[in-house]
1. Which of the GluC sites (Glu not before Pro) across the stretch B:113-219 are loop residues per DSSP, with 15 or fewer other Cβ within 10 Å?
2. What residues from the stretch A:99-140 fall in the zone where the backbone N is under 15 Å from a label point 7 Å along the Cα-to-C-beta line of residue A:246?
3. Could you pull out the trypsin sites (Lys or Arg not before Pro) across the stretch A:52-141 that fall in loop regions by DSSP (anything but H, G, I, E, B) with no more than 12 other Cβ atoms inside 10 Å?
4. So what does log10 I(q)/I(0) come out to for the stretch A:160-259 at q = 0.13 Å⁻¹, using the Debye formula with one equal point on every Cα and no solvent?
5. Given B:132, B:34, B:162, which one lies farthest toward the positive end of the charge dipole of chain B, if we put +1 on the Cβ of every Lys and Arg and -1 on the Cβ of every Asp and Glu?
6. In terms of modelled amide H atoms, which long-range or inter-chain residues lie less than 5 Å from the amide H of residue B:195?
7. Lys and Arg at +1, Asp and Glu at -1: add these up for the other residues within a Cβ distance under 15 Å of residue A:162 and post the number.
8. What number, rounded to the nearest 500 deg cm²/dmol, is the helix-based mean residue ellipticity at 222 nm of chain B, given -39500 (n - 2.57) per DSSP H run of at least four residues and division by all its residues?
Amino acid sequence: MVSGMTSLGDSLRIQGRVIHALLLREIITRYGRHNLGFLWLFFEPMLFTGGVLTVRSLLHAQESGWPLAPFCVTGYATVLMWRNTIGRSGNAVEPNRSLLHHRNVRVLDLYLARILLEIAGTSMSFAFLYSALMLVGAVPVPADVSQMLLAWGLLVWFSVSMALVVGPLATLSDAFERFWHVFAYLFLPASGAFFSVQHLAPSLQAVAVWVPTVTCTELLRAGVFGPSYTPYTAIPYVLCLNLALMLPGLWLIRVVQRTTEGA
Amino acid sequence: MIRLENVSKTYRVRGGHHTVLDAVSLSIPAGAKIGILGANGAGKSTLVRLISGAEQPTRGRIERGLSVSWPLALSGAFQGSLTGVDNVYFICRLYGADPTRALQYVEDFAELGKFLREPVKHYSSGMQARLAFALSMVIEFDCFLIDEVITVGDARFKAKCHVELFEKRADRAMIIVSHEPGFIRDHCEAAAVLRDGRLSAVMPVDSAYAEYTAAASVP
């Protein structure tokens, strides 16, 4: 029999169970069982990065001063991570409203399941794509994997924190959601994916490190290229920002929880 | 015991607020069968959503000392691209139930045959309702929340549902919300009337029925 009262430990166990259930449900819903099924989860971002890479090498783009393949792969992987995780969190609640009838399912779980799925997908696709390109010799063996992991960890945390703010705001306001997609697109050139800070003018360098994704991209590339790449970073700033964003995020989720209208 | 204390629910509408439930109080002890009678628009569905927890009250408190089911036979929770089996597994994961037993039970009870392994969007509405009812019986709740009369399938299937819910689970509490007094009279020992967002005291079913019809029909 399902008991009415629960302790903290039970609550955490239930939440884990709920998020697991939601994750599997979402994978089947989004990718179906036919052809590749859940493999689309990382095949989709991989196709995107691979496609961009092909087009750009055909155009002989060399503006960055670094080998094209590793520069592009690291750039697009970071873009896909923050853009998909943040952008898709806006639609986490709407299609799942009726699930809130289940006592265990809370609004926070809907967001977390969606966010975890995006993180898992983009992380796996980056790992696979990089490994595949490494095998054919298109990208170097990473000089410092731990630095890459640090970069990825910071990026994941930033994406989660942002998604917990942007997701609820987009749920609460359609106008915000539209605005966000435009903003995310316009933000692309500033995100750090297409430039390396050491090649910028000094006045721009000082500005660029205030963009949180720049720190992540720089660190990731330093991990790939090694000492020849001088990363411009602001790690303590990104850490503080990530932490600071969680508070309004969790508060906004409470607002959604309080005001959401079930199906 | 499930207890609602001065629960109000207000929605924002164009040009102000609309109060759907106004200071509603209700207690459901373990094992009690309570009916809520209300005409269309009286606030029944909102009350169901608040008790199930799908929405939060604007004011007031809801205490759940018993585990409460989702609204029985709710088929809105189905995702069209999921199969019947997916839905069984999903519910089992949510509530920590044994999936093999649950699947066996749904296979036997819902009588969907090979359709259980097809996406729900290919189901007829009757098949969806059968799956939904069977799923609702997979998890053992202390209190079942029943929204409107259960109209599942033909007479034989209805009889099966009746045995499953009202005979095998006769010891559970039930909250039956309906605009149809007959169903409540058959299954509840007491009822309250919901009108314009206000809930009467719980009273014997016949008194509730008299009050409900007196208000509903102009002589």
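1. Details: sites: B:140, B:148, B:164, B:167, B:189, B:211; in loops: B:140, B:148, B:189.
Here the sparse-neighbourhood loop sites are B:140, B:189.
2. A:112
3. Values: sites: A:56, A:83, A:88, A:97, A:103, A:106, A:114; in loops: A:103, A:106.
Loop-located and lightly packed - none at all.
4. Result of the Debye calculation: -0.57.
5. B:132
6. B:200
7. On the way: positive: A:83, A:88, A:114; negative: A:118, A:177.
The answer is +1.
8. Values: 7 runs with 72 residues, N = 219.
That comes out to -9500 deg cm²/dmol.
Just so you know, all these numbers are worked out from the coordinates, no wet-lab data involved. Quantities reported herein were computed from a predicted structural model and do not represent experimental measurements. All Cβ positions, glycine included, derive from the backbone under ideal geometry; neighbour counts span all protein chains shown.
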